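The values are calculated or read from the model by the stated rules, or taken from the named source; none is laboratory data. In this text the structure is predicted, and so the values were computed from the model without any measurement. Don't worry about glycine lacking a Cβ; one is built from the backbone with ideal geometry, like all the others, and counts go over all protein chains shown.
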Amino acid sequence: MKAKELKTAGAVAKDLEVSIGRVFDGTWAEPVGPTPFPSITDLRKWDFKLLQRYKPFYMPFCDVCCLCTFGKCDLTGDKRGACGLNMAAQQARIVLLACCIGAATHTGHARHLLEHLIDKFGRRFPIAVGGMNVEIEAPVTRLVTGIRPRILGDLGAVLDYCETEVTHLLAACHTGQEGSNLDFESKVFHAGMIDQVGMEVADMVQISAYGFPKADPEAPLTEIGWGVADVSKPVILVIGHNVPSSISIIDYLKDEGMYGDVEVVGICCTAIDVTRYSHSLAKIVGPISWQLRFIRSGIPDLIVVDEQCIRADALMEAQRIRAPIIASSPKNCLGLEDRTESLALEIISDLAEGKASGVLILDPEKVGEVAVRTVMAVAPERKKFKVIPDVEAILTAAHECTQCNECRRACPNDLPIPDAMKVAAKGDLTPLAEILSDCVGCARCESACPNGFPLHSFMVKAGEQSLAEEKFKIRVGRGAIQDIEIREVGGPIVLGEIPGVVALVGCANYPHGGREVAEMAEEFAKRNYIVTATGCAAMSIAMVKDEEGKTLYEKYPGDFGAGGIVNVGSCVSNPHIAGAAIKIASIFAKIPLRSNYEEIADYVYTRVGAVGVAWGAMSQKAASIASGFWRLGVPVIVGPHGSKYRRMLLGRKDCEEDWYDYDARTGDRVYVGPTPEHLFFAAETKEEAMVMIAKLCIRPADTTKGRAIKLTHYIDLHKRLYGVLPDDLHLFVRTQADIPITMKGEVLQVLEKKKWKEGRIINIPTLLPRLIRDRRE
Amino acid sequence: MAIAEPWQTAEIGGPKKALVITKPAVVVAMIKKAKHPILVVGHEAVETEVGKKKAIDVIIDLAKAAEIPVVATAHIVGEVVQRDFRPAAWMPAVDIGNRLKDSKWSGLDGGGQYDLALFVGIPYYMEWVILSGLKHFAFNHLTTISLDRFYQPQATWSFPNTAIESWAENLTVIGDELGGDV
């Protein structure tokens, strides 16, 4: 329904357009696209196009289903469960469950932030993520919902939509609902898309209301590392993802003139976000896996946890070092007494006197005061009490160690802890220290040890010296990518002259420590790719220095350009990366953006050489983040542990018939090669990942110059890391003009062996028949 | 039948679990019986030391003796070629897993799908899930054997958890019995 002017007793509305219960912004000239607020089936056809090319390879992590009282049902092979479900559908269903958890987590995070910030700043507070530099403030939200949010209050309807969709998706997981694995997979994509919207809302509102860097390529540097805390001061450690309680601590310190009296340090994304708020008053300890090592060091005098990625035993670990803990999220209450309504002074007194080891406070403002006042009271008494054993205790344990191997068999990375203990028995702790660099900090070794040895603490003690020296610089999360940056790089990316955008994202479940992520970042920045980063990966990139003591953030620029290393922020900042790809389609190619998902995704898939890399992907959030990129046509690589997500989306380059796109000019179906070859891929080693990154940036629309540049990097990396030329070049060379000039001889030899024949180049490839200009079909 | 436990304690497979290889002769017999076998070698083969050799040396000798085509996964093809051995192909572990799943795959040599796939040297947990994929989706046409020194419950056949020296000896015996000079 449209109304030029609508008058009621209380208000006058002009240019009002009402569509199925939602209010659309009538001042936005761009027409509403085909799929505003898409339902769980509206983009199913698009999903099936991708799934036809990238068929799921299921690698079940469990052979049974135990979700209902029919079960456990053995689904091995071609068996079906009591409900009729087979193994393929069950695996897809579990993937969907994981992605629903991820999407719900980010959406819940966004809802909490939005409500809190509306309470604090009002619903009319303007959304501003980049001032004049960012006209398209919410590319994902615009694309998916068709809403152009201007004020905080506009986002309620967006989150209503996300919450509804997640509920429908979760409902599809119920026994007796979906029966097709491919339909489950389509819903996985939908969960990922919803997740991107939820994350975008979360980051938009916190950037706007808290004044985080607004698309600033020169966002300031701040400190990161185990050794950054000034241990002469009381130390507050914040852990989690949802930043209001951490910000209230900073505000309280500022308001009370206690600048410099207290150290505020953080772990995981809340640390990233609190440094976006104040890079001078807050510091980052490290990624998620740094929790135990830092808590047990006794350095924190008080711990504040919010939500997500917090160890479930945080309370127990805090009690061990006699540090009070404040839980501040309704999603993570830790069994603590709710003291939200108590007077701050009473809570402070109870915590300081040890009457309570922790409290739940669901009012961020109160958390600030209680945390600061409590830490001032407890720090002098605690005297940095730690539970890291001394060397003598390690040596005694090492002598008692029976080499039963239980620790090693529990370790995700199969670290040779028994061997290190054997050497420790001789007085040499070096192997224990070395192991720490590959340790993901899970402490499963300790749970498994029949002697109850605190093996993780042994490693921390052995590596104490290097931990204390851990001081690096990280560029504060900059937020969105500027429209002007997109205008500058859009052409070179689409034409292939900037060889690709590499997004290093995700958790810290690394197979060999975070240094591999830093290595990937530098390799591709040197090669003039655009390297973007978020979350724990953004931290790991910082935690390596060169011979001159410089970190990558000090060596490489923070702008979204060739050779940049761009920290956009925390987990919820990931949509800035997706948004950059969307904005290339919208700003550079001028494709209508508003609720036009399929066409934009088709453009990104066929033209924008972007690839996500979640080298340490661990969580359900990482799964949903990846699935949001898949639907948009951006492939994702995970590390070997990512194989435990139990299904890959793999192309078959040996099946020629799978790789035909339409030429949008003529309608011809043209072989475009396996570009990109995979949509979701687990690499066994970092070398394999690096070669695959270069390969997955190849797109059908590359110009000959662009393709030659991309092939140069693919071939060069393959030769260096594999020791031989790639054997699939015939699939990527379309005409002789694609061949890198400096590699012509050797490439031609390969092509000759493969009986290569010159093919066709299409400038406007598409998977969508409706986009064919000259319709012959 | 011997009982074996997965190397990573919690990586329990089943109800259907790998049969335990109690002696190398079992593998020899399986290879001899196979019409179209293939050996998939992961990157840990070039990192694992067996006495004065690398595991990859022992495995190449075995492959030569058995005349089995080798697929090198991850980045190790250069290491393999340096040893004057030409693998049939190199490709990521998940890719060869995906192809082995497909009953209509024409194989690396055009000879059709394989009937026996031997795995070695892929990280334990990654090989675990790939073998799981094959157990569930390739059971009609493929038998899998883990040649690693740790029990892989998702294979059709697997060695139990074995000391490195015994494991190397097992591989050597397999090579010897297949007529090689390991």
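Okay, here's what the table says:
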{"read-out": "Criterion violated by residue A:506 - all others in (1) at pLDDT below 95; (2) closer than 21 Å to residue A:571 by Cβ; (3) part of a helix (DSSP H, G or I) satisfied", "value": "(3)"}
{"read-out": "Selected residue (criterion: farthest from the chain's Cα centre (by Cα)) from residues of the range A:273-296 that are farther than 14 Å from residue A:263 by Cβ and among the aliphatic types (A, V, I, L, M)", "value": "A:295"}
{"read-out": "Failed condition for residue B:64, given (1) away from chain A (no Cβ under 11 Å); (2) over 20 Å from residue B:159 (Cβ atoms); (3) in a loop (DSSP other than H, G, I, E, B)", "value": "(3)"}
{"read-out": "Filter result for residue B:105 (within 11 Å of chain A (Cβ to nearest Cβ) and either within 15 Å of residue B:170 (Cβ to Cβ) or crowded, with 21+ Cβ neighbours inside 10 Å (or both))", "value": "no"}
{"read-out": "Number of the exception - residue B:137 against (1) buried (at least 22 other Cβ atoms within 10 Å of the Cβ); (2) more than 7 Å from chain A (Cβ to nearest Cβ); (3) over 16 Å from the mean Cα position of the chain (by Cα); (4) of a type outside the set (S, T, N, Q)", "value": "(2)"}
{"read-out": "From A:428, A:438, residue being of a type in the set (D, E, K, R) and closer than 15 Å to residue A:407 by Cβ", "value": "A:438"}
{"read-out": "Count of residues meeting criterion [within 27 Å of the chain's Cα centre (by Cα) and not in a loop (DSSP other than H, G, I, E, B)] in the range A:297-324", "value": "6"}
{"read-out": "Residues located in the range B:13-43, provided they are within 14 Å of another protein chain (Cβ to nearest Cβ), surrounded by fewer than 22 Cβ atoms within 10 Å (Cβ to Cβ) and at pLDDT 95 or above", "value": "B:15, B:16, B:17"}
{"read-out": "Some residue of the range A:201-216 being aromatic (Phe, Trp, Tyr) and in a helix (DSSP H, G or I)", "value": "yes"}
{"read-out": "Test for residue A:94: is it closer than 25 Å to residue A:623 by Cβ and within 14 Å of chain B (Cβ to nearest Cβ)", "value": "yes"}
{"read-out": "In the range A:414-435, the residues that are buried (at least 21 other Cβ atoms within 10 Å of the Cβ) and either touching a residue at least 40 places away in the same chain (Cβ under 8 Å) or closer than 19 Å to residue B:163 by Cβ (or both)", "value": "A:415, A:417, A:420, A:421"}
{"read-out": "Residues satisfying the stated conditions in the range A:40-56, i.e. more than 23 Å from the chain's Cα centre (by Cα) and within 14 Å of chain B (Cβ to nearest Cβ)", "value": "A:53, A:55"}
{"read-out": "Residue under evaluation residue B:95, criteria (1) in contact with a Leu (Cβ under 7 Å, 6 or more places away or on another chain); (2) more than 9 Å from chain A (Cβ to nearest Cβ); (3) crowded, with 18+ Cβ neighbours inside 10 Å, criterion not met", "value": "(2)"}
{"read-out": "Sole residue being modelled with pLDDT under 95 and more than 14 Å from every other protein chain (Cβ to nearest Cβ), chosen from A:762, A:772", "value": "A:762"}
{"read-out": "One residue from B:38, B:31, B:60, B:56 being in contact with a Lys or Arg (Cβ under 6 Å, 6 or more places away or on another chain) and touching a residue at least 24 places away in the same chain (Cβ under 8 Å)", "value": "B:60"}
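One line per residue, one yes/no per condition, for (1) touching a residue at least 40 places away in the same chain (Cβ under 8 Å); (2) surrounded by 13 or more Cβ atoms within 10 Å (Cβ to Cβ):
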position	(1), (2)
A:746	no, yes
A:750	no, yes
A:763	yes, yes
A:770	no, no
